[in-house]
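Below is one structure; the comments refer to it alone.
Readers should treat all values here as calculations from the given coordinates under stated rules, not as data from a laboratory. This structure is a prediction, so every number in the text was calculated from the model and none was measured. Positions of Cβ are generated from backbone atoms using ideal geometry, with glycine treated the same way; all protein chains shown enter the neighbour counts.
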Amino acid sequence: MTDYSDSHDGTLADNTGRPDTEHGMTRRQLLRHAGWFGGAVVLTVAGGEVISHIADSRATNAAASPAAGAAPAAAGSGALRFVQVSDSHIGFQGPANMDVAGSFGEAIKQVNSLGFSPDFVMHSGDLTHLSTTGQFDQVKQMMTGMRTDRVFTVPGEHDSIGDAGRAYRRTFGMGTLGDGWYSFDTHGVHFIALVNTLSLEKLGHLGTEQIDFVRKDVAGLSADTPIVVFSHIPLFAMYPKWGWSTDDALKVIALLRRFSSVTCLNGHVHQLFTKTEGNITFHSATTTAYPLPKPGRAPAPTPQVVPARQLKEALGIRSVGYRQGDRELAIKEQRLA
């Protein structure tokens, strides 16, 4: 993988009503689905436990350190700490946020002021807005400013416009399989990065080849191995009418049921959302560009234009906490304001 490596329950279903284009969505429709997360989910893994913490940008670095906050037990040398950012949509222009590059830059500053250097940063898709070479180059260059040894990515639907993700894979797909999926292990945790954004007429589809990859990938793992899954579109049916679901995700979820701890992290929906189903917990990230409406509260998931002060209050980073054996998740949010 290269070092520069988007509450309503419902049944899984296709997202219908899209025009019959090469990838099922026109540029105009993609603009209507615009948005990006520069928000960060900070997770620490130690001793087989996935623990979260939150850093407050208005506090000192010492106070922001996880050793001083929610996860003191995870601050030892064996701990894994990583950050998730998402939906930077570099290249977007519109009244919902006139400077998405500036907002993403603020998110990077927050990553760099957490009080520790993350073992890696994961960008979970929609790095760009229209998947141009210049936009990919810009976001890649910006991410070199993150104080971490490794940056991983998965693509969003905005990273696949017109070419089925080929430009994305040229820039970020070194060492990946198929359309850009892969897995890796570190600190006793198994990570799986999935691609569910290439079938835009469904806007949430994995496909047989990728499901087979997951089946073979986890076959040799013991049931007590912590699993973390990254995808752009949710792997649960958050709101299928808007394409906020993955139509064949249940086939992957079935393969993960035997593991005692599974955490799925996604972007795409531009708001905080958590759902737990047995041993599997799903987290959707917040946004640092502009909010999208809550499911069903608008005709479509279009960017929400709010006053500048309210916009800053709506932007931020989020941490998610989980300890093996606990039924409750610890979730805290930090605003960019």
Check Thr153: other-chain or 5+ apart residues with amide H under 5 Å from its amide H, H built from backbone geometry?
His123
Express in nm, to one decimal, how much length is gained between Ala300 and Ala223 on full extension, taking 0.36 nm for each residue of separation and deducting their alpha carbon distance.
23.7 nm
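Convert 4 °C to kelvin, take the viscosity as 1.567 mPa s, use the Kirkwood radius over C-alpha pairs of segment 158-228 as Rh, and evaluate the Stokes-Einstein diffusion coefficient in µm²/s, rounded to a whole number.
For these conditions, the coefficient is 97 µm²/s.
Can you give the net charge of the other residues whose Cβ lies under 14 Å from the Cβ of Thr133, counting K and R as +1 and D and E as -1?
Working: positive: Lys140, Arg166, Arg169, Arg170; negative: Asp137, Asp159, Asp163.
Overall, the nearby charge balance is +1.
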Pairs over 32 Å Cα to Cα, from Lys251/Lys312; Lys140/Lys312; Lys251/Lys294; Lys241/Lys312; Lys216/Lys294; Lys216/Lys312, come to Lys251/Lys312; Lys216/Lys294; Lys216/Lys312
Where Rh denotes the Kirkwood radius from the mean inverse Cα pair distance, what is Rg over Rh for segment 87-187?
0.97
At a threshold of 8 angstrom on Cα-Cα distance, excluding pairs fewer than six apart, so keeping six or more, what relative contact order does segment 113-233 reach in percent?
25 percent
